[in-house]
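Remarks on the structure that follows.
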Amino acid sequence: MKELPTITSLINSFGKLPGVGVKSAERMAYAILSFSKEDQEEFSKAILAAGNKIHHCPICGLYTEDDKCEICSDMNRDHTTICVVSEPKDAIAIEKMNAFHGVYHVLGGLISLSKGIGCDSLHIDSLLMRVKEDKVKEVILATNPTLDGETTAMYVAKLLEGKGVTVTRLGYGLPMGSSLDYADSLTLSKAFEGRKKI
Ligand SMILES: [Zn+2]
């Protein structure tokens with residue numbers, strides 16, 4: 001029996017999710033078919049609502065439904081300490097450890113020589129602007145401990161040289177080649193405590 005085109009398209013959609021192979025995508029697609037009409041509608045509405053309402057905070061790049069994100073709006077946080085991450089999910093991992101009270105800056109990726117991604121596609125100019133305008137005292141480079149993460153951290157550190165700001169890099173702790181959002185909170189907070197000046 002040939003697969004129905006609507007099923008194929010549903011499987012292809014699930015297959016776009018991270019870590020989902022063809023088999024899992026098939027299981028998910030058929031699970032959706034077994035949902036009640038109500039649950040199917042709720043599911044699709046949730047996806048559309050997320051896509052329509054959530055956008056990047058214009059200051060730091062985290063996800064928000066408002067003009068600016070909860071962290072940028074919070075005056076109890078230290079706006080003179082910026083933690084630079086590659087993706088919003090890294091900031092979420094750092095938030096979970098409950099020990100960082102500064103603000104974030106999302107680069108939107110990493111410089112990658114192997115993938116041909118240069119610094120132009122990253123939000124670096126806006127970081128330099130914030131450092132200048134918000135009288136920032138410390139920039140913590142919390143990119144992943146991978147080759148691309150290190151390359152990016154070193155590049156940003158170089159640009160911040162002589163700008164009157166302390167630049168630190170997470171201490172390790174974090175295993176080389178791993179990613180921040182997989183680190184447990186204890187390892188991550190130890191890496192924060194052990195951050196070193198560049
Ligand atoms: Zn923000």
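Worth pointing out:
- Computed helical MRE - 222 nm, the chain, DSSP H runs ≥ 4 contributing -39500 (n - 2.57), nearest 500: -13000 deg cm²/dmol
- Sorting Ile124, Ile82, Ile7 by the number of Cβ atoms found within 10 Å of their own Cβ, with the fewest placed first, yields Ile7, Ile124, Ile82.
- Direction-averaged projected area, Cα convex hull, the stretch 26-133: 10.1 nm², rounded to one decimal.
- Neighbour-count order for Lys137, Lys163, Lys37, fewest beta carbons within 10 angstrom listed first: Lys37, Lys163, Lys137
- Taking only alpha carbon atoms, the stretch 5-53 gives an Rg to Rh ratio of 0.99, where Rh is the Kirkwood radius.
- Taking the chain and dividing mean pair separation by its residue count, relative contact order in percent (alpha carbons under 8 Å, at least six apart): 15 percent
- Projected label points at Asn98 and Glu193, each 7 Å from Cα along the beta carbon direction, are separated by 1.6 nanometres.
- Residue order, fewest to most surrounding Cβ atoms within 10 angstrom, among Leu4, Leu170: Leu4, Leu170
- Stokes-Einstein D (µm²/s) once Rh is taken as the Kirkwood radius of the stretch 63-197 over alpha-carbon pairs, at 10 °C in 1.306 mPa s: 106 µm²/s
- Evaluated at q = 0.13 Å⁻¹: base-10 log I(q)/I(0), Debye formula over Cα of the stretch 33-83: -0.48
- Note on Glu70/Asp134: beta-carbon distance plugged into 1/(1 + (r/R0)^6) with R0 of 22 Å gives a FRET efficiency of 0.80.
Each value in this text was obtained by applying a stated rule to the coordinates, not by laboratory testing. None of these values were measured; they are calculated from a predicted model. As a convention, Cβ positions derive from the backbone with ideal geometry for all residues, glycine included, and neighbour counts pool all protein chains shown.
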